[in-house]
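Working notes, beginning with the structure itself.
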Amino acid sequence: MTEQPSTAARFPKRLDWPLVGLLAALLLLTGACSWVGWNWDTPMTTVNPKSDFGRTTHAIFMLISWWALGIFIAVEGALIYACWRFRERPGAPIPKQVHGHTALEISWTIAFAVILLIIAIPTIRAIFKTQEAPAATALRVDVYGKQWWWEFEYPQHKITTANELHLPAGQTVAFFLNTPDVIHSFWIPQLGGKRDVVPHRVNLITLTPEAPGEYPGQCAEYCGMSHANMRFRVIVHEPAEFEKWVKAQQAPPVESADVLAQQGKTLFAQSRCVGCHSITGISASRIGPDLTHFASRKTFAGSLMTSTPDNLTKWIENPEHMKPGALMPTLGLKGEQSKALAAYLLSLK
Ligand code: CUA
């Protein structure tokens, strides 16, 4: 029988500090460390909430994080202590072997049940609070999640828009979440969500945005080919600015007298566009986004592209290429035709 090497021989005597340094650097690098949430470079952050809903969710997140940190320190501390206290030493006897400890097991079962209760109570309260029936003074927005873009209807103002949601700061908003196709999820990281948008059912979110600004939103439930491209922009205004926006949206579209734009208008009215899109005075279909005030929006196609003549021309010519799975068909419009159509749409302020 060969002799067991001593403990000292099996473990290195000293730490390999360059290796430890390298591993620590690698950890920071792969963790992509930054001051997330304190930095405006991270607009999808949830740790810089700008609404009552956002702050409630963040408070629960912090509560869970602190409990998790406390438990981590206690468990790892006990583990490290046990490793050190009962380490193998030359000539030391085998420590006393313990199997089960009823009192200890009952007490930690109770302790963890209590911790779960501490987490569950505010979580359940938040779930009910953020979907309670809105007050009569709340702004109602009917949200329609569609493959793969968002429609926003303001029934009190008789306005419909797409992919860009305008809200007044300081007023409670009630979002009624609908979808005609598959399950989506409505999420504005800094304001609130996520909440599923389910066919044949209306889910509700009530929240009050606190500060004017621009906040990105994103579909948060896999819903097919362009799920990742199902984005939206939320623009929170001062109340007076919001009223101005409402007035502008209620007005008929202001179009350009430019020859190219007028050619585009004729083309729009004569083509298959009218089967899906509405423009006040020309067509009234709700299959695709309402284009009445297309040029008042900075982005299009699920907020995927900025509204430039170049992007729009490419989109009209080949939607599938710009956004995989796009349900807008290729209309066969080319060259001057697609340019004219783009010029017309970009004139609709
Ligand atoms: Cu809609 Cu993902």
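The values are calculated or read from the model by the stated rules, or taken from the named source; none is laboratory data. Bear in mind that the values here come from a model prediction, so they are computed numbers and not experimental data. Reconstructed Cβ throughout: ideal geometry from the backbone, glycine too, with neighbour counts over all protein chains shown.
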query: Can you name the residue in the range 150-178 that is small (Gly, Ala, Ser) and in a strand (DSSP E or B) and, of all such residues, is nearest to the ligand (Cβ to nearest atom)?
result: 162
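Just checking, how many residues over the range 86-105 are part of a loop (DSSP other than H, G, I, E, B) and among the hydrophobic types (A, V, I, L, M, F, W, C)? Let's see the steps before the verdict.
If we filter the range 86-105 for residues that are part of a loop (DSSP other than H, G, I, E, B), which is where we start, we get 86-101.
Within this subset, residues satisfying the condition of being among the hydrophobic types (A, V, I, L, M, F, W, C) are 86, 92, 94, 98.
Of the residues in the range 86-105, 4 are part of a loop (DSSP other than H, G, I, E, B) and among the hydrophobic types (A, V, I, L, M, F, W, C).
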query: residue 241 is checked against (1) surrounded by fewer than 18 Cβ atoms within 10 Å (Cβ to Cβ); (2) closer than 24 Å to residue 146 by Cα; (3) of a type in the set (Asp, Glu) and fails just one. What number does that condition carry?
result: (2)
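Please enumerate the residues belonging to the range 99-149 that are within 16 Å of the ligand (Cβ to nearest atom) and either exposed (fewer than 10 other Cβ atoms within 10 Å of the Cβ) or not aliphatic (A, V, I, L, M) (or both). Working first, answer last.
Step one: filter the range 99-149 for residues within 16 Å of the ligand (Cβ to nearest atom), giving 143-149.
The answer is 144, 145, 146, 147, 148, 149.
Restricting attention to the range 250-264, report how many residues are assigned to a loop (DSSP other than H, G, I, E, B) and out of contact with any strand residue (DSSP E or B) (no Cβ under 7 Å at 6 or more places or on another chain).
Step one: of the range 250-264, the residues assigned to a loop (DSSP other than H, G, I, E, B) are 251-258.
Narrowing the set further to residues that are out of contact with any strand residue (DSSP E or B) (no Cβ under 7 Å at 6 or more places or on another chain) leaves 251-252, 254-258.
Total satisfying the criteria: 7.
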- request: For the range 109-158, name all the residues that are farther than 30 Å from residue 223 by Cβ and free of Cβ contacts under 8 Å to residues at least 12 places away in the same chain.
  value: 109, 110, 111, 112, 113, 114, 116, 117, 121, 136
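Out of the residues in the range 179-197 that are touching a strand residue (DSSP E or B) at 6+ places or on another chain (Cβ under 8 Å) and among the aliphatic types (A, V, I, L, M), state the one that is farthest from the ligand (Cβ to nearest atom).
Taking the range 179-197 first, the residues touching a strand residue (DSSP E or B) at 6+ places or on another chain (Cβ under 8 Å) are 179-181, 183-197.
Remaining after also requiring among the aliphatic types (A, V, I, L, M): 183, 188, 191, 197.
Numbers: 183: 8, 188: 14, 191: 18, 197: 8 Å.
Filtering first and then ranking leaves 191.
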message: Condition first: at pLDDT below 75 and surrounded by 10 or more Cβ atoms within 10 Å (Cβ to Cβ). Now tell me which residues in the range 7-34 satisfy that.
response: 7, 34
- line: By residue number, the members of the range 332-346 that are surrounded by 19 or more Cβ atoms within 10 Å (Cβ to Cβ) and modelled with pLDDT under 90 are 333
- prompt: For the range 265-305, which residues satisfy the criterion of being more than 18 Å from residue 233 (Cβ to Cβ) and in a strand (DSSP E or B)?
  reply: 278, 279, 283, 284
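Does residue 202 count as away from the ligand (no atom under 16 Å from the Cβ), surrounded by 21 or more Cβ atoms within 10 Å (Cβ to Cβ) and within 20 Å of residue 286 (Cα to Cα)?
Values: away from the ligand (no atom under 16 Å from the Cβ): yes; surrounded by 21 or more Cβ atoms within 10 Å (Cβ to Cβ): no; within 20 Å of residue 286 (Cα to Cα): yes.
For residue 202, the condition - away from the ligand (no atom under 16 Å from the Cβ), surrounded by 21 or more Cβ atoms within 10 Å (Cβ to Cβ) and within 20 Å of residue 286 (Cα to Cα) - is not met.
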- line: Contact list, first residue from the range 90-108 and over 16 Å from residue 78 (Cα atoms), second anywhere and part of a loop (DSSP other than H, G, I, E, B) and not aromatic (Phe, Trp, Tyr), beta-carbon distance below 8 Å, six or more apart or interchain, is 90/6
query: For the subset of the range 196-242 comprising residues that are without any contact (Cβ under 8 Å) to a residue 12 or more places away in the chain and in a helix (DSSP H, G or I), which member is nearest to residue 181 (Cα to Cα)?
result: 228
- prompt: So residue 219 clears everything in (1) more than 14 Å from the ligand (Cβ to nearest atom); (2) surrounded by 19 or more Cβ atoms within 10 Å (Cβ to Cβ); (3) closer than 16 Å to residue 163 by Cβ except one condition, right? Which one?
  reply: (1)
Unique residue being touching a Leu at 6+ places or on another chain (Cβ under 9 Å) and among the aliphatic types (A, V, I, L, M) when the list is 94, 110, 80, 119: 119
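Among the residues of the range 255-274, is there at least one that is of a type in the set (Ser, Thr, Tyr), surrounded by 16 or more Cβ atoms within 10 Å (Cβ to Cβ) and touching a helix residue (DSSP H, G or I) at 6+ places or on another chain (Cβ under 7 Å)?
Taking every residue of the range 255-274 in turn, none turns out to be of a type in the set (Ser, Thr, Tyr), surrounded by 16 or more Cβ atoms within 10 Å (Cβ to Cβ) and touching a helix residue (DSSP H, G or I) at 6+ places or on another chain (Cβ under 7 Å).
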- prompt: Would it be correct to say that residue 49 is more than 30 Å from residue 188 (Cα to Cα) and either modelled with pLDDT of 90 or more or loosely packed, with under 10 Cβ neighbours inside 10 Å (or both)?
  reply: no
message: Looking at residue 122 and the list (1) in contact with a helix residue (DSSP H, G or I) (Cβ under 6 Å, 6 or more places away or on another chain); (2) modelled with pLDDT under 90, which single condition is not satisfied?
response: (2)
task: Those residues that are of a type outside the set (A, V, I, L, M, F, W, C) and either in a loop (DSSP other than H, G, I, E, B) or closer than 20 Å to residue 292 by Cβ (or both), I need them from the range 320-346; list them, please.
output: 323, 324, 325, 329, 330, 332, 334, 344
